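Written out below as structure tokens is the structure these notes cover.
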Amino acid sequence: MVLGAATSLFLQQYCMYDYFYTEQQQGFLWSAAYFRELIGHPGGTGTYIARFLRQFYCLPYAGTTINTGLFLLLIWGMESLYKKLDRVHFLPFLSLSIALYVLVLETDVYYLTEGTLSLLLTCLILNIQLRIKNPGRRLTALYLGTALTFFITGPAAFMVGLCGLGLELICQKSCWWKALGAPLLAILLQLIWHSTGNGESARCIFLPDAYYESYLTPDFHIYLPWIALPLSLLLAYALGKCPAFRHTAVNVIFCALQVTGAFWLGLQAFLVYHPAEMTRLKCLEVHRMQQDWNGILSLPYMRVCPTTLYACYQNLALAQKGELAEKLLDYPQMGSAGLSVLSDGSQNTCCLLSDINYLQGNIGTAQRMAFNAIRFQKYACTQMILRLIQTNLISGADKVAEKYITLLEKTLYYREQASAYRKFLGHPERVLSDPELGPRKKCMDTSTELSREGYSDLVRIAEANPQWRPNLEYLGCIHLLNQNQDEFQNFLSQYGQYLKPLPKSFIPQQP
Amino acid sequence: MKLKILHSLLIELIIVSCSAPSEPIASTQLDELPSIYPDYTEVTVPANIAPLRFKLQSASNETRAVLTCGNEKLIQSGEDGKFLFPENKWKDLLAQAAGKDIGVRVYEKKNGSWAVYREFPIHVAREEMDSYLAYRLIAPGYEPWFEMGIYQRELSSFKEYTILQNGITDHNCMNCHTFNRQNPEEMVMHMRKTYGGTYIYKDGKVEKLNGKVSNDIPSLVYPCWHPSGDFIAFSSNQTLQNFHMRPGNRIEVYDKESNIVVFDLKKKQIVTADSILFSKEAMQTFPNFSPDGKTLYFCSARADSLDLPADYEKVKYSLCSISFNAETRTFGTKADTLYQAEKEGRSAKFPRVSPDGNFLVFTLSDYGNFSIWHHDADLYIYDLRKGTFLPLQAANSEDTESFHSWSHNSRWLVFSSRREDGLYTRPYFTYIDTAGISHKPFLLPQSDPDFYQDFMRSFNVPEFIQGKVQLNAKELITEAKR
């Protein structure tokens, strides 16, 4: 209870944004087709369960609670194994250090919860194996467990087979050789799956790489729990052969040292694998997703160590509040690049640029960036699927808008938002009169000239709908930050009438 | 006594649950056709197609569908309005129906009694279509991609097999899978970025050609096999893309340069033609050999006077042909123009000659060559015997029709269409009769009629094949790494 409460408090304090951020990385649909799609291949069940759990991360405290639960379950699963192997000593270091490490891994945006679930399943099957006395049934359980693990979580099957063989070797010496087939069975199943060519690359079929975003090659650190687990079992077995400490005080000190050591290791892992830069970016992204513009502006590092990217978030927040031109110069600026960064193709940048362009009324680019953002995972990045609904309704592509509405109606937490857009389908007049969609529709340039990106697009939007103030403010700010006085004066003479009262930073300074 | 009653109730329950549904007796005859998805009303299908499972869109009550052909009858209860015809019973019905019609009656229970919609026919052609369809599945994204793969679908069932998925090739781009006369044993395709190059699968082996052949030929793009299997014609394009700000066509993909070359598979040499196919003054693309291999059809647009991308709407491709001598590896000195863009006002692409040599189907849109992003793109058929062309009236829709491929018997055409929602490309099949007239097309049937609603990938470059591609993906990667 104490451990659970302490873990929850820590996670809530330091990892809250990790979970909100992670929720957008994968999607979960409440549909039979989605279930069939995932369940039909090895590892798919684990993915289904992991995504089911992750869909709740958008709720406050849900990520913390779920991760605390997984953490405690892992400790419980491993402790029961160690207790079976070492009946003499209490070994909290082993379970705590591994579980804490996994807890840290869960904050890595590219780590997949399937990895944690597969560790849990491995512990469960090994526990079952250790508790069955009858050799025949025990081996049957091991073989079935190995096959089951392969179908549920993929490559972890080999670890089940290997640890199962190890346990037979050290605990049931008489017929250990009968367990030799368990790791071989895992390899055989993996080979068969690999030979079909239907799966991912070999490293995702045979290695824990499957528990990391497949398009990335993970660092060695994701292998550590899988190396530590069999070693910890061996260590527990070896320690079980040593006599118990005679004095209670020694036992208590030994235990305290282990707990301290485990937490120290956990903390080191947290510091290494939870870099401040990434945490800041996640925090900014979460504020952006939640449209907490004041939250972005109040982040201390925005002023302390401004970057072009931070300036972009800051200026978007100001623009969303209608204060971009008013307070532009009250905040640190990084030139006109701080109004709209260049896309590096990452999901974050694409989402940010989609938001900026949507606000500016540049519907084509907002849609393009939304498309680019959702390309990594099917049904993921729901906020950008919502953007596709908006932009397609604005451009009159109702059929495809309906497709995205139907898709989001199969999610748990976005169905209401999506359904609210149904009323616009087949009703362009409603789109025009809507305070969000209408003005943006008027921003759509009707000429056939192709987009030239950036400044020239904003000029065309201004020509199409000079009353759309966010675009005009961005346009004026570009001139200001580029220190182009002539262009700025031309801009003011052309569009100043639509910007009354003139925002503070647009008022000419008296010499 | 109680036991006996329970026993008889149980038996009754078993009998009721196991017995096939019967055709309802309708108390109301509705005048309208049922609103079903996919729309299979009055379509023409081959006798070797998977069950045309559909959904009654308005269904809120008990539903039933009755399919009849002669003495054969298939009665199916709806599940949430979906009629999931079993494959074996469907095959039995189709076996009887070749060259005839299947009558479809859809019943819906309304206010406690059955109502029947107006019966509609499904026409079953005598000629079968090729047994497999190959296609690329890709999100209809703009610039970058992530997941894509080339797949093949057995058309008489719902089985889909992977030919190659980019999960095992570092998420690179793979495209332009093309077969020699629908032969699954002769395929060419490209990969870009990681493992970049052109791959030829022939005689069970994979061979890689490097993507950049020479400075004049930066890349090999749209391919077409010579029927002998000894040559492949490629266009070599310098392709760029820009984006629209206005509603409608989202992307503009265009060529800055393009030429046509022929690769000699035996001598491993590139054969370039004279100025007609390889010049700076014009852009030539989309090569397609006639079935006898003596003529090469292609599209050509003037390039010298255009400022791209500003003039993107002025790029219009004509449809041309030129003779080819496979023995001397030479082209004729004069090209014929079948469709003259400057005169007709529109732009031609994707010429594909029917295997019997009688027809050529091509795509026409207002301008440019990347018609999948053009809502006005439609299919046209050119009668090579008469020298006339007409739109494929029944096959075309309000939205995009673009890529297309013939079945080996020249009676079926598969084509990509965006008629569903204007964005996601889906494969449709149309029967082309001996007069070159298309019949109402049907959407590739899926196991679940709702499949296309949730599916977030486009079916790209649908190509008929006469059997299953046996390409070993691992072998291809080994060759790629070499």
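Some observations on this one:
- Considering region A:376-400, the residues that are polar (S, T, N, Q) and under 19 Å from residue A:23 (Cα atoms) include one that is surrounded by the most Cβ atoms within 10 Å (Cβ to Cβ), namely A:382.
- For region A:357-382, the candidate set comprises residues that are facing another protein chain (nearest Cβ under 7 Å) and within 21 Å of residue A:33 (Cβ to Cβ); within that set, the residue that is nearest to the chain's Cα centre (by Cα) is A:376.
- Selection of region A:406-431 for residues being within 8 Å of chain B (Cβ to nearest Cβ) and touching a residue at least 40 places away in the same chain (Cβ under 8 Å) yields A:407, A:410.
- Boolean, residue B:117 is closer than 30 Å to residue B:194 by Cβ and more than 14 Å from chain A (Cβ to nearest Cβ): no
- Of the criteria (1) of a type outside the set (Val, Ile, Thr); (2) outside any loop (DSSP other than H, G, I, E, B); (3) surrounded by fewer than 19 Cβ atoms within 10 Å (Cβ to Cβ); (4) within 14 Å of chain B (Cβ to nearest Cβ), which one residue A:403 fails: (3)
- Taking helices (runs of 4 or more DSSP H) as the structural unit, those lying wholly within region A:432-511 and holding at least 1 residues that are free of Cβ contacts under 8 Å to residues at least 12 places away in the same chain and away from every other protein chain (no Cβ under 13 Å) correspond to A:437-442, A:485-495.
- Subset of region B:378-430 that is over 24 Å from residue B:132 (Cα atoms) and touching a residue at least 60 places away in the same chain (Cβ under 8 Å) - its residue that is surrounded by the most Cβ atoms within 10 Å (Cβ to Cβ): B:382
- Count of region B:149-165 residues which are of a type outside the set (Gly, Ala, Ser), more than 10 Å from chain A (Cβ to nearest Cβ) and either part of a loop (DSSP other than H, G, I, E, B) or more than 16 Å from the chain's Cα centre (by Cα) (or both): 3
- Evaluation of residue A:371 against the conditions (1) in a helix (DSSP H, G or I); (2) touching a residue at least 24 places away in the same chain (Cβ under 8 Å); (3) under 19 Å from residue A:454 (Cα atoms) shows that the sole unmet condition is (2).
- When B:183, B:249, B:242, B:237 are checked against the criterion of being within 27 Å of residue B:312 (Cα to Cα), away from chain A (no Cβ under 14 Å) and in contact (Cβ under 8 Å) with a residue 12 or more places away in the chain, B:237 stands alone in meeting it.
- Some residue of region B:354-377 being part of a strand (DSSP E or B) and of a type in the set (D, E, K, R): no
- Condition met for residue B:128 (in a loop (DSSP other than H, G, I, E, B), within 12 Å of another protein chain (Cβ to nearest Cβ) and either at pLDDT 90 or above or surrounded by fewer than 22 Cβ atoms within 10 Å (Cβ to Cβ) (or both)): no
- Unmet requirement for residue B:199, which otherwise passes all of (1) crowded, with 21+ Cβ neighbours inside 10 Å; (2) within 14 Å of another protein chain (Cβ to nearest Cβ); (3) closer than 24 Å to residue B:236 by Cα; (4) modelled with pLDDT of 90 or more: (2)
- Residue among B:253, B:221, B:262 that alone is within 27 Å of the chain's Cα centre (by Cα), more than 30 Å from residue A:463 (Cα to Cα) and part of a strand (DSSP E or B): B:262
- Cross-chain or 6+ apart pairs with Cβ under 6 Å, region B:263-285 first and basic (Lys, Arg), then assigned to a loop (DSSP other than H, G, I, E, B) and at pLDDT 80 or above: B:266/B:230
- All of A:145, A:77 fail the test of being over 23 Å from the mean Cα position of the chain (by Cα), more than 22 Å from residue A:190 (Cβ to Cβ) and part of a helix (DSSP H, G or I), apart from A:77.
The values are calculated or read from the model by the stated rules, or taken from the named source; none is laboratory data. What you see is a predicted model; the values in this text were computed from it and never measured. Positions of Cβ are generated from backbone atoms using ideal geometry, with glycine treated the same way; all protein chains shown enter the neighbour counts.
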